[in-house]
1. Please go through segment 95-109 and give me each residue that is of a type in the set (V, I, T) and open to solvent by less than 50 Å² (accessible area, probe 1.4 Å), ordered by number.
2. If I83 satisfies all but one of (1) open to solvent by 80 Å² or more (accessible area, probe 1.4 Å); (2) in contact (Cβ under 8 Å) with a residue 24 or more places away in the chain, what's the number of the condition it fails?
3. Restricting the search to segment 25-55, which residues are in contact (Cβ under 8 Å) with a residue 24 or more places away in the chain and charged (D, E, K, R)?
4. Tell me which residues, restricted to segment 86-117, are of a type in the set (F, W, Y) and in contact (Cβ under 8 Å) with a residue 60 or more places away in the chain.
5. Suppose we keep only residues that are within 16 Å of Y81 (Cβ to Cβ) and among the small types (G, A, S) within segment 196-230. Which one would you say is surrounded by the fewest Cβ atoms within 10 Å (Cβ to Cβ)?
6. For K112, all conditions in the list (1) under 24 Å from Y81 (Cα atoms); (2) of a type outside the set (G, A, S); (3) open to solvent by less than 50 Å² (accessible area, probe 1.4 Å) hold save one; what is the number of the exception?
7. With respect to Y81, determine if the residue is modelled with pLDDT under 95 and within 20 Å of the chain's Cα centre (by Cα).
8. Among the residues in segment 55-66, are any of a type in the set (V, I, T) and either part of a strand (DSSP E or B) or over 30 Å from E228 (Cβ atoms) (or both)?
Amino acid sequence: MKKLLCAIITLLCAATMQAQEEEKDVTKFLGIPVDGYKPAMIEKLKAKGFTPTIADKDVLEGEFNGTDVQLYVATNNNKVYRIMVADKNTCGETDIKIRFNNLCRQFRNNPKYKTFWTEEEQTIPDNEDISYEITVHKKRYEAAFYQISQLDTVAIYNKLKQSLLSKYAQEQLDNPTEEISTEIQKAYMRYELTAARNKSVWFMIAERFGKYYICMFYDNEYNKADGEDL
């Protein structure tokens, strides 16, 4: 009976932890929250079909978005804060320019993402010599997006209204004046900005021996180092 009780408690704890992880509004990679510990993250990535490389069992490889890639898991204080997706193969200047611009289009057309930049600011013009710009001007080609919150909008608004209880009565929040509605809207905009900062997904052109490839980063800024260890 005691063993059965212990087993039930263990299962309940595991289910609770799983539910808490799913509720976290953090960056996701293939539906997996970029969070938790590295060994668990590697196992989840393996379950998605990625396999360890011969050189390093912590580096995985497989296909992502139609391209052969390698995955790297970065941690801070043992917590995962980044999944880096790097093209396994390199290509020339024309092909990398096409690949970069196609990724910009794909992210822009994906309803899960938003960006603060215009298409012209992120894509590479057809006549641009990226080899010259990288070598001579040290230009860095990158594009940045952020994942839109997966939490219910109504739930977010209710949560933000509750945060104003120290300033307003519940009745005022339930029947807000124009001034209170504006304050709630501003709070929501701040929430969006925080989400944009902490749920970033960005990519850049990297160079190796005169050839190019894409590095893509799924970042959970909540777990990233911020000077706390200094």
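1. The answer is I96, and nothing else.
2. Unmet for I83, out of (1) open to solvent by 80 Å² or more (accessible area, probe 1.4 Å); (2) in contact (Cβ under 8 Å) with a residue 24 or more places away in the chain: (1).
3. Scanning segment 25-55 gives D25, K28, D35, K38.
4. F100, F107, Y113, F116
5. The qualifying residue surrounded by the fewest Cβ atoms within 10 Å (Cβ to Cβ) is G227.
6. (3)
7. Taking the combined requirement at face value, the residue does not satisfy it.
8. Within segment 55-66 (the criterion being of a type in the set (V, I, T) and either part of a strand (DSSP E or B) or over 30 Å from E228 (Cβ atoms) (or both)), the answer is no, since none of the residues qualifies.
The values are calculated or read from the model by the stated rules, or taken from the named source; none is laboratory data. These numbers come from a predicted model, not from an experiment. When we count neighbours, we look across all protein chains shown, and the Cβ atoms used for this are built from the backbone with ideal geometry, even at glycine. Remember, those area values only see protein heavy atoms, side chains included, never the ligands or the DNA or RNA. Shrake-Rupley method; radii C 1.70, N 1.55, O 1.52, S 1.80 Å.
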